[in-house]
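Quick note: the coordinates plus some simple rules give every number you see, no bench work behind them. Only a predicted model underlies this, so the values are computations on that prediction, with no experimental measurement involved. All Cβ positions, even for glycine, are placed from backbone atoms using ideal geometry, and neighbour counts span all protein chains on display.
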Amino acid sequence: MKIDRCLCFQKPFSQLKRVAASQKCDTVEALQEYVVFGKKCALCKPYVRRMLETGEVEFSEIITEVEA
Ligand code: FES
């Protein structure tokens, strides 16, 4: 299964990446000032953190808060 978005708010990581670049956000919290995501189950947050580090927008592995 491919993981490519915040499911709760239907926000693709590719979209979050564009916003992060244009608003110069380098943390999940900073990005949340501009887009609503990650405020329900929060399972997407470690992925968004990884996205901000590596630029990846699609994941096939499970990433948990502990590993991130
Ligand atoms: S998947 Fe992002 S808050 Fe649930």
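In whole Å and largest first, what semi-axes does the C-alpha gyration tensor of the chain yield when each eigenvalue is scaled by 5 and square-rooted?
Taking √(5λ) for each Cα gyration eigenvalue gives 16, 13, 12 Å.
Mind checking the angle between helix 45-54 and the chain's longest principal axis? C-alpha axes, 0 to 90 degrees, to the nearest 10. Rounded to the nearest ten degrees, it is 70. Quick one: longest stretch of the chain between exposed loop GluC sites (Glu not before Pro), exposed meaning at most 11 other C-beta atoms within 10 Å and loop per DSSP? Of all site-free stretches, the longest is 1-32. Any chance you could give the angle, 0 to 90 degrees and rounded to 10, that helix 13-23 forms with the longest Cα principal axis of the chain? Helix 13-23 sits roughly 30 degrees off the main axis of the chain.
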